[in-house]
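Engineer: Here it is: the structure, laid out below.
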């Protein structure tokens with residue numbers, strides 16, 4: 001099967017609930033994307049993919065545990081669902097960084113001591129969320145862990161990450177600017193993935209379903225580099241799933257989609273939609289900002305440094321900024337048709353709860 005890049009991007013827009021805009025609740029949007037980085041404007045990233053949304057839905061989902069905030073891709077904080085997020089955490093944990101000599105020396109902690117320490121962390125969180133310092137104080141009451149008090153409170157969060165990756169805790173509600181952590185295994189929706197290969201195959205299929213057409217190099221970027229799952233593992237999972245994929249020639253590039261999606265992709269027409277997305281949106285982070293079909297190479301730096309994104313037909317065609325009621329647009333080339341742009345600015349205004357008007361940058 002052969003398709004053009006405009007067709008491929010239009011298919012991806014559909015899969016990511018951007019054209020047409022979806023009708024999923026916040027949890028459904030995050031489930032479709034796999035993960036939403038906290039570095040983005042999380043609420044806007046979700047709401048721009050909903051035909052009907054309300055402010056605070058993401059925060060409520062985090063409060064009631066239908067969404068989780070965890071350390072995931074590249075060690076950064078992401079929103080995931082409790083059902084699927086465990087697969088990403090299982091892959092992130094497979095590197096077992098706590099067994100490295102540098103960790104063993106720095107934290108004076110051997111690998112065989114971690115099971116008991118993890119149990120102590122879960123016990124400390126048994127009565128509710130704790131800040132980093134409170135968690136460190138609680139665990140350090142055991143003389144065996146007294147030397148770790150400062151490690152828990154370290155603002156880098158380095159020592160805390162393996163407890164999240166191994167399913168002991170996730171972020172809880174913040175107290176002002178201070179994050180808290182809560183026990184994860186008491187969440188009734190939490191699904192651990194003890195079989196790393198099952199988790200890996202699940203993650204690959206989810207990625208291809210949402211970000212396809214893609215190739216193995218994209219999966220290596222997403223799971224191998226992003227989660228540290230290991231190149232050999234990702235290559236093996238990709239090979240094991242070959243019968244679930246349909247090959248696609250996208251203007252000479254050999255990529256795949258899920259076999260169940262091949263017919264729909266072939267029938268997809270290019271999109272003319274205009275979308276205003278927040279910085280660090282999964283639209284560009286999923287395939288990577290180095291993908292020139294999504295991010296023009298000449299403008300990758302602006303995108304990577306956190307500019308808000310203007311999509312036209314799925315390609316990043318410019319950036320936008322908001323000041324007061326004015327959306328200022330900086331185009332990489334020709335501007336989008338004014339009608340489509342006006343509609344999207346009005347949609348952004350509806351999400352933010354105030355009328356907005358577009359203006360070109362001077």
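The values are calculated or read from the model by the stated rules, or taken from the named source; none is laboratory data. Please read these numbers as outputs of a predicted model, since none were measured by experiment. All Cβ positions, glycine included, derive from the backbone under ideal geometry; neighbour counts span all protein chains shown.
Engineer: Identify, from the list 167, 126, 172, the residue that is outside any helix (DSSP H, G or I), over 30 Å from residue 14 (Cα atoms), modelled with pLDDT of 95 or more and in contact with a strand residue (DSSP E or B) (Cβ under 9 Å, 6 or more places away or on another chain).
Structural biologist: Among 167, 126, 172, only 172 is outside any helix (DSSP H, G or I), over 30 Å from residue 14 (Cα atoms), modelled with pLDDT of 95 or more and in contact with a strand residue (DSSP E or B) (Cβ under 9 Å, 6 or more places away or on another chain).
Engineer: Moving on to the next point. Can you tell me which of 224, 209, 200 is touching a helix residue (DSSP H, G or I) at 6+ places or on another chain (Cβ under 9 Å), part of a helix (DSSP H, G or I) and free of Cβ contacts under 8 Å to residues at least 12 places away in the same chain?
Structural biologist: 224
Engineer: Considering (1) closer than 16 Å to residue 163 by Cα; (2) modelled with pLDDT of 95 or more, say which one residue 73 fails and leave the rest.
Structural biologist: Here residue 73 clears every test but (2).
Engineer: Checking the conditions here, which among 181, 159, 152 is crowded, with 16+ Cβ neighbours inside 10 Å, in contact with a strand residue (DSSP E or B) (Cβ under 7 Å, 6 or more places away or on another chain) and modelled with pLDDT of 95 or more?
Structural biologist: Exactly one of 181, 159, 152 is crowded, with 16+ Cβ neighbours inside 10 Å, in contact with a strand residue (DSSP E or B) (Cβ under 7 Å, 6 or more places away or on another chain) and modelled with pLDDT of 95 or more, namely 181.
Engineer: Does residue 285 satisfy being crowded, with 20+ Cβ neighbours inside 10 Å, under 18 Å from residue 210 (Cα atoms) and over 20 Å from the mean Cα position of the chain (by Cα)?
Structural biologist: In short, no.
Engineer: When you go through 70, 58 one by one, which is the residue that is surrounded by 17 or more Cβ atoms within 10 Å (Cβ to Cβ), touching a helix residue (DSSP H, G or I) at 6+ places or on another chain (Cβ under 6 Å) and within 21 Å of residue 225 (Cβ to Cβ)?
Structural biologist: Result of the check over 70, 58: 70.
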